[in-house]
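Quick notes on the structure that follows.
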Amino acid sequence: MQDIRDGVFVTGTDTGIGKTVSSCALLHLLRAEGLRAVGMKPLASGCEPTPGGLRNEDALALQAASEPTPGYDDVNPYALPAPLAPEIAAREAGIEVSLAPMLAAHARLQRDADVVVVEGVGGWMAPLAGELMQADLVRALRLPVVLVVGLRLGCLNHAYLSARAIAEDGCELAGWIGTNIDPAMARIDENRALLAARLPAPCLGWLPWQGTPDPVALSGHLRLPARTMQDFRHA
């Protein structure tokens, strides 16, 4: 099994389930282990114009959680203005999304970091472009995947289908994170138990509900998988 300390791709069961908060908390956890950890959002829609160019809220959060602090253009090589599905936003902006610029930006981030945490868009099956899926990027980067599961009605179905799709796409699910995005959810403990019993990867932690998420505090709710002897031999 690949060690997420060498790099990881963070995906989710849907949009708005806490991928960015989880990615930022994971960055702080990795930094607490003494690693130089930087975040990346290869493609983001809903970017706002600023004097420095288009900026995305999630990408800025990843940049702020990184050490050393990377340049924004490498954190977010494709910044799209319209708050739409990426392939629609790219078409509207007249931009052709391809792997090469994302791979080049990732390589530049790797030069100054021990680990790059790459956050995807939406859920696993959300395309990056018409013929480009997130699995294509993950395979090109050779990264293990962490799945963020937003705890709300329907999460069991979404989590199981996402895990199956990740495996069928030839990618490795290295772990998953549960996020309490609906504090009023009924039978939350029973849902947590079912997820833990059936998802084919270790749970890296549960992030509690916070009105204003604090990634540093939330990092204390996460744990990294134990290194195997094989990991140590290749470290």
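Any read-out appearing in this document is the output of simple, stated calculations on the displayed coordinates, not a laboratory observation. Quantities reported herein were computed from a predicted structural model and do not represent experimental measurements. Note that we place each Cβ from the backbone using ideal geometry, even for glycine, and neighbour counts take in every protein chain shown.
Using just the helices of the chain, give the 222 nm mean residue ellipticity in deg cm²/dmol: DSSP H runs with n ≥ 4 each add -39,500 (n - 2.57), and the total is spread over all residues, rounded to 500.
Values: 10 runs with 90 residues, N = 235.
Dividing the helical sum by the residues of the chain leaves -11000 deg cm²/dmol.
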(message) Taking the beta-carbon count within 10 Å as an exposure proxy, list 221, 158 from fewest neighbours to most.
(response) 221, 158
(message) If I build a Gaussian network model for the chain, linking alpha-carbon pairs within less than 10 angstrom, which residue out of 89, 174, 135 has the largest mean-square fluctuation?
(response) 89
(message) For the stretch 75-158, compute Rg over Rh where Rg is the Cα radius of gyration and Rh is the Kirkwood radius from the inverse mean 1/r over Cα pairs.
(response) 0.99
(request) Just the ratio, please: alpha-carbon radius of gyration of the chain over 2.2 N^0.38 Å, N its number of residues. (result) 0.96
